[in-house]
Amino acid sequence: MTPKEISPAMSSVPRVSRVSRAPRRALSAPIAVLASALVLGGALTACGGGSSASDAKEVTVYSADGLKGENGDGWYDRVFKDFEKQTGIKVRYVEGGSGEVVQRAVREKSNTQADVLVTLPPFIQQAGAKGLLEKYTPKGANKVAAADKSTDGTWTSVVNNYFGFVYNRQQLKTAPTTWDELLDAKYKNKLQYSTPGVAGDGTAVVIKAMHDFGGKDQAMEYLKKLQANNVGPSSSTGKLAPKVDKGEILVANGDVQMNFAQTKSMPNLGIWFPAAQGGRATTFALPYAGGLVKGGPHSENGRKLLDFMLGEEAQKQVSSIGGGFAARTDVKADDANARALSRILQNVEVFQPDWADIDTNLDTYVQAWQEATGS
């Protein structure tokens with residue numbers, strides 16, 4: 001998705017039980033926002049280091065795509081608007097792939113621009129390992145499950161989510177069920193997934209394949225075969241669902257929150273979860289995790305925004321507006337979206353990746369994928 005800078009104008013379903021421990025758009029009426037395009041590689045205006053009295057009432061968020069609505073109707077749109085109204089602090093927003101936003105923050109370490117970083121695993125762990133995050137425990141974080149926040153206090157999930165795939169319901173009629181089905185010739189140049197190591201959901205393809213096929217080598221053997229049908233790389237998963245909806249491709253990767261919200265404007269999208277041959281459909285939690293950027297120009301405002309995003313009211317809006325799952329375990333949703341999301345995850349096994357291993361060996365896994373696919 002094209003990065004954006006904006007001036008801002010879910011209560012969860014019951015959590016699916018975790019099996020083993022061995023990684024978009026919203027539904028409310030449109031919210032008016034002021035938006036202007038911002039190229040990810042370019043310089044931010046009015047939010048660099050050395051803030052002055054004139055720009056102190058602002059906060060800059062670098063985030064993976066998925067929580068902001070195409071029409072100003074996403075969870076971010078509502079939360080940022082309410083935050084600005086209550087605090088007078090203007091939110092400046094920069095969007096990119098999960099890995100892109102971390103790499104940008106790395107490049108800017110000598111002149112930090114962002115105050116808050118929100119991205120998916122394993123990139124939030126990567127940000128912590130690179131020293132990008134300052135320890136901060138937002139208000140309400142004590143209501144977030146231990147698995148959904150760091151042990152060192154550098155990040156906390158703000159919206160829970162699950163990895164998945166989408167298919168074109170009009171052209172396929174029924175969803176695929178297994179990974180092996182995607183090797184069929186009918187998917188030649190009709191299948192695409194976002195780039196591992198760059199996009200969080202793309203990296204999730206490798207993580208899920210390693211789990212489902214029983215290891216790295218087996219997963220790479222499969223992904224090498226799948227490459228014959230793959231259209232090619234995509235730096236952002238958010239670009240793929242519109243192509244599936246239009247029938248340009250039939251299958252793509254995604255995540256439940258983003259794709260569920262997109263179904264309201266993309267009626268041909270269906271959500272599914274690949275299974276290994278003879279196995280169960282699987283998924284894993286892929287939360288949007290937020291952390292305070294070390295040395296940010298407006299750190300105090302960043303703390304206030306993280307507090308606000310984990311506040312009870314904002315968390316109640318996660319499902320009803322954002323189409324996702326609240327990070328706080330004490331927020332129980334029973335809106336129509338929450339019930340629909342619960343049905344989507346019925347009979348799907350939820351496994352817990354070994355994030356410590358993935359954080360340590362991510363470069364190795366991405367390199368193995370590159371060698372297997374020739375990417």
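In terms of other Cβ atoms within 10 Å, 211, 298 run from fewest to most in the order 211, 298. Once the Cα-Cα distance is subtracted from the 0.36 nm per residue extended length, the residue 173 to residue 87 segment shows a gain of 26.1 nm.
With a Förster radius of 25 Å applied to the beta-carbon distance between residue 129 and residue 371, the computed FRET efficiency rounds to 0.55. Counted residue by residue at 0.36 nm each, then reduced by the alpha carbon distance between them, the extension gain from residue 143 to residue 277 reaches 44.4 nm.
For the chain, the normalised intensity computed at q = 0.07 Å⁻¹ comes to -0.27 (log10 of I(q)/I(0), Debye sum over alpha carbons, equal scatterers, no solvent).
The peptide list 222-233, 69-80, put in order of mean Cβ contacts within 10 Å with the highest first, becomes 69-80, 222-233.
Annotation for residue 336 and residue 217: the two label points, set 7 Å from Cα along the Cα-Cβ direction, are 5.2 nm apart.
Residues in region 362-374 carry Karplus couplings, in order, of 4, 4, 5, 5, 5, 4, 4, 5, 4, 5, 5, 9, x Hz; the curve used is 6.51 cos²θ - 1.76 cosθ + 1.60 with θ = phi - 60°, and Gly or Pro positions show x.
Taking a ≥ b ≥ c as the square roots of the Cα gyration tensor eigenvalues, region 247-375 comes out oblate, since a/c reaches at least 1.5 and a/b does not exceed b/c.
Taking Cβ atoms as reference points and 13 Å as the exclusive limit, the residues near residue 244 contribute a net charge of +3, counting Lys and Arg as +1 and Asp and Glu as -1.
Using Cα-Cα distances under 8 Å and only pairs 6 or more residues apart, what relative contact order does region 209-349 have, in percent?
18 percent
Here's the picture: charge each Lys and Arg Cβ at +1 and each Asp and Glu Cβ at -1 in region 92-186, and of 96, 158, 127 the one pushed furthest to the positive end of that dipole is 158. Between residue 56 and residue 359, the contour length at 0.36 nm per residue exceeds the Cα-Cα span by 105.6 nm. A cut-off under 12 angstrom between Cβ atoms defines the neighbours of residue 310, and their net charge, with Lys, Arg +1 and Asp, Glu -1, is +2. Cross-link partners of residue 130 among lysines, defined as those whose alpha carbon lies under 20 angstrom from its own and excluding same-chain residues fewer than eight positions apart: 109, 149, 294. When both bridge partners sit in the chain, DSSP labels roughly 60% of those beta bridges antiparallel. A simple spin-label model places pseudo-atoms 7 Å from Cα toward Cβ; at residue 300 and residue 228 they are separated by 6.3 nm. Placing unit charges on the Cβ atoms of the charged side chains and taking the dipole of the chain about its Cα centre, the candidate lying farthest along the positive direction among 178, 111, 207 is 178. Close amide-amide hydrogen proximity is noted between residue 92 and 59, 60, 61, each under 5 Å apart and 5 or more residues distant or on a separate chain (H modeled in the peptide plane; Pro and chain starts excluded). Summarising the label geometry, the points placed 7 Å from Cα in the beta-carbon direction at residue 111 and residue 313 lie 3.8 nm from one another.
All of the numbers you see were taken from the coordinates with simple rules; none came from a lab. These numbers come from a predicted model, not from an experiment. Heads up, the Cβs are rebuilt from the backbone with ideal geometry, glycines too, and the neighbour counts pull from every protein chain shown.
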